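Asks: One structure coming up, written as structure tokens, with questions to follow.
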Amino acid sequence: MKFLYYQFKHTIFIGVCTIVAAICFVTFSQNNAFAVTESDSKLSAEDIPLYNVPNKDAEIRRREGGDTGAGSAGTSRGLSRGLSRGLSRGLSRGLSRGLSRGLSRGLSRGLSRGAISDGLSNKVLLDQIHDASDNKKDDHKKEEKKAGGHGGGDIDPVHGGPATPDLMAPLASLQTGYTSNPQPTLWWYISSGYESKVELTINEYGVIEPTLETHIIGPPKEGISRIDLKDFNVTLKPNVEYEWFIVIVPLPAERSADFLGSATIMYVPPGDTLKQNIAAATEERLPFAYAKEGYWYDSIHNLCELISKNPDNKIFRKQRIAMIDQVRLGKVKNYDKKVIESVQ
């Protein structure tokens with residue numbers, strides 16, 4: 001009997017250890033930036049830009065419109081934080097501009113940029129802009145044609161305007177991402193077209209007035225597009241955090257219905273090591289050099305530029321899929337997968 005008892009305990013112990021090991025393996029695979037997914041299984045580790053997060057314990061700051069399927073952010077956390085930020089920003093701005101005008105405009109914009117953006121962003125949608133030049137527009141159209149993306153001609157039955165897409169996500173890191181350029185390029189994905197006005201806003205941390213507040217026009221089809229801050233004469237201050245928003249406003253009189261998404265960015269002047277690595281790198285290796293030093297925005301920008309110049313290059317697209325996986329952007333990678341499948 002004692003033998004059977006100890007054998008039973010041993011079996012239970014082995015079973016528990018197996019379960020724990022399996023859980024640890026799954027968790028490691030989901031969170032380790034070095035994990036190679038099915039989409040990039042033909043790439044070796046040396047062929048993938050590995051993003052070295054500057055501060056892995058930093059607060060998650062990115063918000064996506066729609067469900068990326070990656071579980072990257074928390075609604076309850078954002079709602080609590082967003083309500084306080086939104087009310088504070090709205091009231092402060094309102095009092096500085098005049099009570100009557102301020103309470104209506106300030107609270108409305110403050111809540112939409114704070115409470116809604118920080119709290120409900122996993123359920124909202126965003127849009128992209130047209131490229132800044134004819135050449136960029138041509139590159140965008142070529143990429144969309146290859147992906148077979150559907151246009152934005154649908155009409156929303158509620159407000160009568162263009163229908164919002166199913167998914168929009170900034171191509172940004174979870175935490176505040178670094179850039180070595182005071183006038184960087186911002187990239188994002190949208191699952192369908194939205195040829196109408198959208199709001200583009202950039203806020204400097206701790207400052208009431210926005211750094212940039214303007215309207216732009218969304219693209220005609222699904223894809224990944226760019227915003228060049230130099231086109232808006234925006235220059236980031238060094239070592240200062242900025243938050244950027246793209247907002248679809250279906251009901252101007254009811255700002256709580258806004259569809260939006262956001263991410264944060266900081267201009268960090270490059271050190272000597274990064275400068276040396278960049279000077280020695282080929283164009284194809286620039287995404288690797290920037291990712292290694294923790295400069296997300298430069299890494300993804302150079303990779304997107306390579307894809308724009310070489311839309312049929314499957315390696316570059318697989319590298320972008322790998323980077324998208326590293327920052328948990330989930331379904332966004334399906335866009336490049338479709339393009340890869342369409343390339344003969």
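Coordinate-derived values only; no laboratory data. Since the model is a prediction, treat every value here as computed from it, not as a measurement. All Cβ positions, glycine included, derive from the backbone under ideal geometry; neighbour counts span all protein chains shown.
Asks: Express in nm, to one decimal, how much length is gained between Ile315 and Asp166 on full extension, taking 0.36 nm for each residue of separation and deducting their alpha carbon distance. Don't skip to the answer; put the middle values down first.
Replies: Working: separation 149, 0.36 × 149 = 53.64 nm, distance 2.73 nm.
The Ile315-Asp166 span can extend by a further 50.9 nm.
Asks: Give Lys275/Lys309; Lys237/Lys318; Lys275/Lys318; Lys275/Lys338; Lys197/Lys333 a once-over and call out the pairs whose C-alpha atoms are over 30 Å from each other. Could the numbers behind the result be given before it?
Replies: Working: Lys275/Lys309 24 Å; Lys237/Lys318 33 Å; Lys275/Lys318 26 Å; Lys275/Lys338 36 Å; Lys197/Lys333 26 Å.
In this structure, Lys237/Lys318; Lys275/Lys338 lie more than 30 Å apart at Cα.
Asks: Related question: Please rank Ser342, Ser196, Ser173, Ser262, fewest neighbouring Cβ atoms within 10 Å first, as an exposure proxy.
Replies: Numbers: Ser342 12, Ser196 15, Ser173 29, Ser262 24.
Final ranking by Cβ density, sparse to dense: Ser342, Ser196, Ser262, Ser173.
Asks: Further question on the same structure: What order do you get for Leu212, Leu186 when you list them from fewest to most C-beta neighbours inside 10 Å?
Replies: Neighbour counts put them in this order, fewest first: Leu212, Leu186.
Asks: Can you put Phe259, Phe288 in order, fewest other beta carbons within 10 Å first?
Replies: On the way: Phe259 25, Phe288 21.
The order, fewest Cβ neighbours first, is Phe288, Phe259.
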